[in-house]
Amino acid sequence: MSGIFGIVRPPDAPVAEAELAPMADALKHRGPDGVMVFGRDNIGLGHCMLHSTPESLHEKLPLRVGASGLTITADARIDNRKQLIADIPVNQANGQIITDSELILHAYSKWGKACVEKLLGDFVFAIWDENRQCLFVARDHMGCKPFYYHHNRVQLVFASSAVGVNAAHCVSTNINRGRVADYLVEFLEGIDKTSTFFTDIYRLPPGHTLSYQAGEITTHCYWQPTLGTPIRYSRDEDYLEAFEEIFQQAVSARLRTHCRPAAMLSGGIDSSVIAAIARTQLQTAGTENLQTYTAFDDSISDCKEAYHARLLVSRGGFDSHE
């Protein structure tokens, strides 16, 4: 996954691009395909690029749209692209390729902060609204993409990792002993959803947005799992078909890559079913075999997971690596 980082201050407190360099260096392992920064007065945004989708090959982040006063940096894979392009709508003249970050900007321009309710996929993004002097951040429903930040009355510092935030020399490195204990003691359920290993660095929970304006920070929960209304079908087979349809869509979304996809295959039920469905979808599309990666201990002669992983691979359609 790619990495994002940035510093935001009040209008009379400029951000120098040199201040972003240590943060970029701390996140460079996330951006083998290039690092870029954007600086303008009191805002500095950065991006470490890892190409993953075909559209990402055309992304140049941070992206500024001058007419709107909006600048975005994002680590995102948007799965409902076709629906968004139709609903916004987005004009794709002469076969123009719309990147996922551009789609997010279009969605923000149309729906404002409520745009997160329209997005499906794995994402974290930060949009600087120059006209409103506001930074808007959103993290995906399940929290697949990380977001860490430090905030005080003087500035907001953020990154895709706590180490990235720590790289800004203005942030304390004091250790949060409660979070360390939570990590080391298995039966603890977590002291909270926002603390990190550092006392002055926090994480944005999954399904939340964050706004920073005039030195004040606010967070909002836009989604959380609920039981909802029970789904009733007349036949047991209908439940299976409904689940499989959603499962197929989820696997298909993650096969939208610009290079050969690969899967971790442990031999357990979950990874085996995912690999089998991905293999079938690739075969249907007439593309190459699915690459799988399996790790096991040679000293265990009757390792059941290794046995089941090899049994699945023997069915064909895989390029297996052990």
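So here's what we get for this one:
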quantity	calculated
Label of the coordinate-derived value, semi-axes √(5λ) of the Cα gyration tensor in Å, listed as (1) 27, 23, 20; (2) 36, 25, 21; (3) 36, 25, 17	(2)
Lysine pairs within the stretch 50-176, Cα separation less than 20 Å, 8 or more sequence positions apart or different chains	6
Euclidean distance of C-alpha centroids, the stretch 131-150 and the stretch 1-71, integer Å	14
Straight-distance crosslink candidates among aspartates and glutamates, where the alpha carbon sits under 19 Å from K304 and sequence neighbours closer than 8 are dropped	D270, E322
Highest-first arrangement of 144-152, 99-107, where packing means the average Cβ count within 10 Å	99-107, 144-152
Highest average packing first - 9-20, 222-233, Cβ atoms within 10 Å	9-20, 222-233
Per-peptide average of other Cβ atoms within 10 Å, ordering 160-166, 280-286 highest first	160-166, 280-286
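Any read-out appearing in this document is the output of simple, stated calculations on the displayed coordinates, not a laboratory observation. Predicted model only: the values in this text are computed from it and were never measured. Neighbour counts run over all protein chains shown; Cβ positions are idealised from the backbone, glycine included.
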